[in-house]
Amino acid sequence: MRVLAVVLLAAACAAAAGGGGELPEFREAPAFRNGAACAGAPTIHIAMTLDATYLRGSLAGVLSVLRHAACPESIAFHFVASSASPARRLDSLRRALAAAFPTLPATVHRFDARLVRGKISSSVRRALDQPLNYARIYLADLLPRSVSRVLYLDSDLLVVDDVARLWATDLGPDAALAAPEYCHANFTSYFTDTFWRHPEYAAVFANRTRVPCYFNTGVMVIDLDRWRSGGYTAKLEYWMEVQKQEARIYELGSLPPFLLVFAGEVKAVEHRWNQHGLGGDNVAGQCRELHPGPVSLLHWSGKGKPWLRLDAGRPCPLDALWAPYDLLRHRGARDDLLAAVA
């Protein structure tokens, strides 16, 4: 049975990536319009990555945002695609996006993967080592200067509330980044013993505004003007270079540099805006339950992705919440699920 599950999961991965170099076919999502009350509504800028592996998750995430937004036509999406992708693949991604959302205000930005290729070290899961996973560090450079604030969202989540509420987060006079914090988590575990034994490394947390806490970088409200003026891209790159050239100080992809730079300086957001960990851990990807409390955003962070588990016939209970937002063209009854979000 275990071998069969592995085979099914591999087949699902190939289908998600569009085996043979071709992307799967996606259906057109329902059209969502602004109401009269949206006159004068501010433009909400949302950034997400765009690649073949996570395309299915990205499209489901976009649909969830639009479905629950009071003013969906006031949302502008910024998709970040790797410059390493062949032109043909990028064209296919654009066509899939346009097929699913023909009228979506969206821009595709090319991320130069060479910026991080010499700075990435291996982590606990291969997906975390992909250059596009680090593109969130460069949003201030990728997006036009006219965009002063952006909401970054991972491609494995659903928004089930009006995203304008998250967008309106007050960052106060100084914060460059807002996100839900989880101060009950064992913060020391995100860094190696080598890090904590090195007095200069560990001292980075000594003068923070508050006690440093873990936060998940899959949902962030970012003040891009403050990011640029604070030189935060260079600060994040510094710790990536320490990891690569001096000592192995962490094991978990792009997250630890964010903790090193921002932990203790993050503007806290309600936990409802990132019910994360639904994909299990980074090794087994086991099923998880929701954290106690209200839910505005479901996040399948971890190894287990709902579309892969559904296709493999081994879904977790909460994966059923993701299924109605799946725009992949299926045969039979599952096509009818789209009516549930219209």
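Out of all the residues in the stretch 89-102, is one or more touching a helix residue (DSSP H, G or I) at 6+ places or on another chain (Cβ under 8 Å), open to solvent by 10 Å² or more (accessible area, probe 1.4 Å) and at pLDDT below 95?
Taking every residue of the stretch 89-102 in turn, at least one turns out to be touching a helix residue (DSSP H, G or I) at 6+ places or on another chain (Cβ under 8 Å), open to solvent by 10 Å² or more (accessible area, probe 1.4 Å) and at pLDDT below 95.
Could you check, for the stretch 132-141, whether at least one of its residues is open to solvent by less than 20 Å² (accessible area, probe 1.4 Å), part of a loop (DSSP other than H, G, I, E, B), under 20 Å from D223 (Cβ atoms) and at pLDDT 95 or above?
No, there is no match, as no residue in the stretch 132-141 is open to solvent by less than 20 Å² (accessible area, probe 1.4 Å), part of a loop (DSSP other than H, G, I, E, B), under 20 Å from D223 (Cβ atoms) and at pLDDT 95 or above.
Hey, among R309, R272, which residue is in contact with a strand residue (DSSP E or B) (Cβ under 8 Å, 6 or more places away or on another chain), in a helix (DSSP H, G or I), open to solvent by less than 70 Å² (accessible area, probe 1.4 Å) and among the basic types (K, R)? Steps first, answer last, please.
Details: R309 fails: in contact with a strand residue (DSSP E or B) (Cβ under 8 Å, 6 or more places away or on another chain).
The unique qualifying residue is R272.
Identify, please: which residue in the stretch 315-335 is open to solvent by 50 Å² or more (accessible area, probe 1.4 Å) and modelled with pLDDT of 95 or more and is, among those, nearest to H68 (Cα to Cα)? If you could, list the steps in order and put the result at the bottom.
Of the stretch 315-335, the ones open to solvent by 50 Å² or more (accessible area, probe 1.4 Å) are 315, 317, 320-321, 329, 331-334.
From what's left, modelled with pLDDT of 95 or more: 315, 317, 320-321.
Working: P315: 25, P317: 22, A320: 18, L321: 14 Å.
Checking each candidate, the answer is L321.
Of (1) among the hydrophobic types (A, V, I, L, M, F, W, C); (2) outside any helix (DSSP H, G or I); (3) more than 21 Å from the chain's Cα centre (by Cα), V242 satisfies all except one. Which?
Tallying (1) among the hydrophobic types (A, V, I, L, M, F, W, C); (2) outside any helix (DSSP H, G or I); (3) more than 21 Å from the chain's Cα centre (by Cα), V242 fails exactly one: (2).
I'm trying to understand the selection: among the residues of the stretch 170-184, which are open to solvent by 20 Å² or more (accessible area, probe 1.4 Å), out of contact with any helix residue (DSSP H, G or I) (no Cβ under 8 Å at 6 or more places or on another chain) and touching a residue at least 12 places away in the same chain (Cβ under 8 Å)?
From the stretch 170-184, those open to solvent by 20 Å² or more (accessible area, probe 1.4 Å) are 170, 172-174, 183-184; that's our starting set.
Subsequent filtering for residues that are out of contact with any helix residue (DSSP H, G or I) (no Cβ under 8 Å at 6 or more places or on another chain) retains 170, 172-173, 183-184.
The answer is D170, G172, C183.
What are the pairs, 6+ residues apart or on separate chains, where a residue within the stretch 273-285 that is more than 7 Å from H299 (Cβ to Cβ) has its Cβ under 7 Å from a residue that is open to solvent by 10 Å² or more (accessible area, probe 1.4 Å) and of a type in the set (S, T, N, Q)?
G277/S301; G279/S301; G280/Q286
The values are calculated or read from the model by the stated rules, or taken from the named source; none is laboratory data. For clarity, every value in this text was computed on a predicted model and none was experimentally measured. Note that we place each Cβ from the backbone using ideal geometry, even for glycine, and neighbour counts take in every protein chain shown. Ligands, DNA and RNA are excluded from the accessible area calculation, which covers all protein heavy atoms including side chains. Shrake-Rupley method; radii C 1.70, N 1.55, O 1.52, S 1.80 Å.
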